[in-house]
Amino acid sequence: MDQTASDGSAGQRPVARGKFLRRADQKFYVRGVTYGTFRADPCGDEYPPPATACRDLALMAANGMNAVRTYTMPPRWFLDAAAERELLVLPSLAAERLVGYLNDGRRAGARVEAQLVEQVRSCSAHPALLGYSLGNEIPASTVRWLGPHRVERFLERVCDRVRDVDPSALVTYVSYPSTEYLELPFLDFVCFNVFLERPDRLAAYLARLQNLAGDRPLLMTELGLDSIRNGVDGQAEAVAWQLRTAFAAGSAGAFVYTWTDEWHRGAEDVYDWAFGLTDRDRVAKPALAAAREAYAEVPFTRDRDWPRISVVICAYNAEPTIKECLDGALGLDYPDYEVIVVDDGSTDTTGDLAEGYPVRVIHTENRGLSNARNTGCDTASGEIIAYLDSDAYPDPHWLQYLANTFLTTDFVGVGGPNLPPPGDGAIAECVAAAPGGPAHVLVSDLVAEHIPGCNMAFRAAALREIGGFDPRFRTAGDDVDMCWRLQDRGWTLGFCPAALVWHHRRNSVRVYWRQQRGYGRAEALLEDKWPEKYNAAGHLRWAGRIYDRGLTRHVVRMRRIYHGTWGMAGFQSLYEQGPGTLISLPLTPEWLLLTAALVCLSAFSTLWAPLVLGLPLAVLAGLAVLPVVLQASVSAARASFPSTPRSRLTLVGRRVLTGLLHLLQPLARLRGRLGGGLTLWRGHRMRAVRAPVRRSGSAWTERWVGPEERLQAIEAHLVSSGSVVRHGGSFDRWDLELRDGPLGSARLLVSVEELGGGAQLIRHRCWPIIRRATLLAVVVIAALAITAWVSGSPVAAAITAAIGVAVAALSFVECGSALGALLAAVPAGLGHPSLVEPQIAQEEVSP
């Protein structure tokens, strides 16, 4: 069922590609078992005699295993024996045994590093090596004592020296929940030891680990159960579901702990634990057969009722990539699926190339992306419709992971990661490390707020029930709109980290600019349809966390680690707080507009000399943009590139280009947003303006309705009229806020008093809200006008006063318009369809 390296791969080392390993250019799932630790012989080798070890290795291979993990560097004869049986070995340098020497100073640390690297020289370039593990579970108390940064730097130095000795080797480190907060981005793949005895808890923690691993493979390096306390049958059952859960969660491999009950630790033989698949005499336990059967099914068993899936590929002038896309789509390992290509009026040979494949091709005039997606949906026969961009191609098990997520959850939509394939060139790699790429947004480790359009799948019934995609989104924004509409129905979206597609990034700075400008225009369309999702400045407010390798990194990081009392928590996590408003404000594109406005203000110094002060203010505002440059530089310095640059100068060039892209991206988005009408000074349609003063009213009814239903009725009335409505938070003394512009808004508070017998007295209060920034601006402008008049510059005073009056008047109009809309909507809640016509008390007005 899985496409993994087998015959002809001997001697070829695995490589890390996205979320999985590959060997001999085929996907390679690690099916392993741990080995040791054993009592050391007189020579210091912590391994059984060669004859015993060879019998163990042969039995491992006979039971479907292809890898063995050791806790120290094995002798060369052990690696030779593993190679003869086509087993790969993941040895450990055992850094956890020597990390304590870091307390003795820098020289001691250097000696430790040299000692660890010397082990690598003894086995460098051996064909049986899966890679090197720097260590196994440095104790949480040691990490807490030394500090995580010191341990991270130590492991990075050792990693660099290992690569100097054996450049083609994979390098990892085996962590565990008590030190999950260690940030080790330099590793080729991520390894964790996890012992959880409930399937739901293991699945939930695996989802968390996948997000910690990011774009790298995740291997579970210790799974298992003690047979003394749980019985041999209980152990076998646990090993089976642990392995199946690990691979279903997208793990690139797993190691069962351990091969034999023979176990030596701390200078003593251990007899009160029995995790082995075999006993001390190498007699197989039922767990060995359970592991063999689970490994034979990787990643999923075919003996299940897989749903039919329709893969829809929308293409427009996709001649350079359509063949690669279709080759990948037709190479999917899935029992029941179809491929539909919608040629959206291409003017190149896209349609002709697609006709050469055994797929259904639909030719239409150019009507935009959303229409093309709907055309594919209308002709699809699958229960699930999976959308794939024409400049992307899927992992062979893409549909299996998507289908499994649908089968085991109630998600109506599921997405997965999209990674840039290697070999696209230097500019494409820099673009992949720049912001603005297709990213997923998660509100938890499994629940998504947004899934990108290049890798998304939906239940066909749900997609058709809401009427498909909105045709107004011709090039971008359709996926965001679809996600919001589905969630607006009360449905949920999911994320599957193993449902991977390879998505080409733009290979030209000019094309990247054009793409980001188009995304800015799409934001304007989204804000016009979903104004409540945006703040007063026109910026989207995601509830979840954005996952994108190109995200701009903050210069100042605020990290907090949960250690538990006395550092004894079993799961110790990292919590990172975002920067405050003052730090983030200069990083917004609108700050550039403010700087330009100050420069223009200084130009009026010919009318009034003191206005020349606007020039130093503009300079200060410009200097405030320096954090943007610094942030871009930090992001570029931390960026990684799939292909290793040949020289340091080439690497510097890529980092410089990546930094420039971090600066260009917000400018391109701003250009697109302004062109689409998404401006800071945008206004909503005017309504009946009421004097912006506090107003109260009351009503009574003899038919009971819940307070939340009344508020929902008011909100529905406001939304239907195009208003931007925000809910009050858990600590707010207001229920709804209506925004009519960037300068002013109005709020509503409703109170319901129960009178008995179903009767209710309903009170409401509305009041205007003028932004503090608006008041400050009016005060500053008034002060400038008075100063200009006193200094004998009546023209400058008149112009300045006119500007102040205009700002104040606009804020009053916005507040009055929002207040009028709220007052007009209140009867919608008071006059609920199930109510007798309420009797409204006289409205009270207070200043």
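The values are calculated or read from the model by the stated rules, or taken from the named source; none is laboratory data. What you see is a predicted model; the values in this text were computed from it and never measured. Don't worry about glycine lacking a Cβ; one is built from the backbone with ideal geometry, like all the others, and counts go over all protein chains shown. Quick note on the areas: whole protein, heavy atoms, side chains included, nothing else; ligands and nucleic acids left out. Shrake-Rupley method; radii C 1.70, N 1.55, O 1.52, S 1.80 Å.
Looking at (1) surrounded by fewer than 20 Cβ atoms within 10 Å (Cβ to Cβ); (2) part of a helix (DSSP H, G or I), find the lone condition where residue 42 falls short.
(2)
Could you tell me whether any residue of the range 346-357 is at pLDDT 95 or above, surrounded by 16 or more Cβ atoms within 10 Å (Cβ to Cβ), in a helix (DSSP H, G or I) and within 27 Å of the chain's Cα centre (by Cα)?
There is no residue in the range 346-357 that is at pLDDT 95 or above, surrounded by 16 or more Cβ atoms within 10 Å (Cβ to Cβ), in a helix (DSSP H, G or I) and within 27 Å of the chain's Cα centre (by Cα).
Pull out all pairs, ordered by first then second residue, where Cβ-Cβ is under 8 Å, the residues are six or more apart or on different chains, the first lies in the range 176-196 and is in contact (Cβ under 8 Å) with a residue 40 or more places away in the chain and small (Gly, Ala, Ser), and the second is outside any loop (DSSP other than H, G, I, E, B) and surrounded by 20 or more Cβ atoms within 10 Å (Cβ to Cβ).
These pairs meet every condition: 178/140.
Might you let me know whether the range 138-160 holds any residue that is open to solvent by less than 10 Å² (accessible area, probe 1.4 Å), modelled with pLDDT under 90, not in a loop (DSSP other than H, G, I, E, B) and not β-branched (Val, Ile, Thr)? Walk me through how you get there before you give the answer.
Initial filter on the range 138-160 (open to solvent by less than 10 Å² (accessible area, probe 1.4 Å)): 138, 143, 151, 154-155, 158-159.
Subset that is modelled with pLDDT under 90: none.
Taking every residue of the range 138-160 in turn, none turns out to be open to solvent by less than 10 Å² (accessible area, probe 1.4 Å), modelled with pLDDT under 90, not in a loop (DSSP other than H, G, I, E, B) and not β-branched (Val, Ile, Thr).
Of the numbered conditions (1) open to solvent by less than 10 Å² (accessible area, probe 1.4 Å); (2) at pLDDT 90 or above; (3) β-branched (Val, Ile, Thr); (4) out of contact with any Gly (no Cβ under 7 Å at 6 or more places or on another chain), residue 117 fails exactly one; give the number of that condition.
For residue 117, the failing item is (2).
With respect to residue 26, determine if the residue is open to solvent by 60 Å² or more (accessible area, probe 1.4 Å) and either under 31 Å from the mean Cα position of the chain (by Cα) or among the β-branched types (Val, Ile, Thr) (or both).
On the way: open to solvent by 60 Å² or more (accessible area, probe 1.4 Å): yes; either under 31 Å from the mean Cα position of the chain (by Cα) or among the β-branched types (Val, Ile, Thr) (or both): yes.
Considered against the rule, which asks whether it is open to solvent by 60 Å² or more (accessible area, probe 1.4 Å) and either under 31 Å from the mean Cα position of the chain (by Cα) or among the β-branched types (Val, Ile, Thr) (or both), residue 26 comes out as yes.
Restricting the search to the range 250-283, which residues are without any contact (Cβ under 8 Å) to a residue 24 or more places away in the chain and of a type in the set (A, V, I, L, M)?
Selection gives 267, 270, 283.
May I ask you to verify whether residue 319 is acidic (Asp, Glu), open to solvent by less than 40 Å² (accessible area, probe 1.4 Å) and either without any contact (Cβ under 8 Å) to a residue 40 or more places away in the chain or not in a loop (DSSP other than H, G, I, E, B) (or both)? First the steps, then the outcome.
Working: acidic (Asp, Glu): yes; open to solvent by less than 40 Å² (accessible area, probe 1.4 Å): no; either without any contact (Cβ under 8 Å) to a residue 40 or more places away in the chain or not in a loop (DSSP other than H, G, I, E, B) (or both): yes.
Criteria not met by residue 319.
Looking at (1) within 30 Å of residue 384 (Cα to Cα); (2) out of contact with any strand residue (DSSP E or B) (no Cβ under 9 Å at 6 or more places or on another chain), which is the only condition residue 447 fails?
All conditions are met except number (2).
Pairs please, first residue from the range 67-86 and among the basic types (Lys, Arg), second anywhere and open to solvent by less than 20 Å² (accessible area, probe 1.4 Å) and in a helix (DSSP H, G or I), Cβ atoms under 8 Å, 6+ apart in sequence or on different chains.
76/123; 85/57; 85/60
With respect to residue 52, determine if the residue is part of a helix (DSSP H, G or I), surrounded by fewer than 23 Cβ atoms within 10 Å (Cβ to Cβ) and among the hydroxyl-bearing types (Ser, Thr, Tyr).
Answer is yes for this residue.
Contact list please: Cβ distance under 9 Å, first residue in the range 111-127 and among the hydroxyl-bearing types (Ser, Thr, Tyr), second residue exposed (fewer than 15 other Cβ atoms within 10 Å of the Cβ), pairs at least six apart or on different chains.
Hits for this filter: 122/76.
Test of understanding: among 209, 218, 170, 196, which residue is open to solvent by 10 Å² or more (accessible area, probe 1.4 Å), under 29 Å from residue 551 (Cα atoms) and hydrophobic (A, V, I, L, M, F, W, C)? Outline the logic, then answer.
Details: 209 fails: open to solvent by 10 Å² or more (accessible area, probe 1.4 Å); 218 fails: open to solvent by 10 Å² or more (accessible area, probe 1.4 Å); 196 fails: under 29 Å from residue 551 (Cα atoms).
Step by step, each of 209, 218, 170, 196 is checked, and only 170 is open to solvent by 10 Å² or more (accessible area, probe 1.4 Å), under 29 Å from residue 551 (Cα atoms) and hydrophobic (A, V, I, L, M, F, W, C).
Can you pull out every residue in the range 420-439 that is surrounded by fewer than 22 Cβ atoms within 10 Å (Cβ to Cβ) and in contact with a Phe, Trp or Tyr (Cβ under 7 Å, 6 or more places away or on another chain)?
Once the filter is applied, which keeps residues that are surrounded by fewer than 22 Cβ atoms within 10 Å (Cβ to Cβ) and in contact with a Phe, Trp or Tyr (Cβ under 7 Å, 6 or more places away or on another chain), the range 420-439 yields 421, 439.
So residue 31 fits all but one of (1) surrounded by fewer than 21 Cβ atoms within 10 Å (Cβ to Cβ); (2) not in a loop (DSSP other than H, G, I, E, B); what number is the exception?
Checking residue 31 against (1) surrounded by fewer than 21 Cβ atoms within 10 Å (Cβ to Cβ); (2) not in a loop (DSSP other than H, G, I, E, B), the one that fails is (1).
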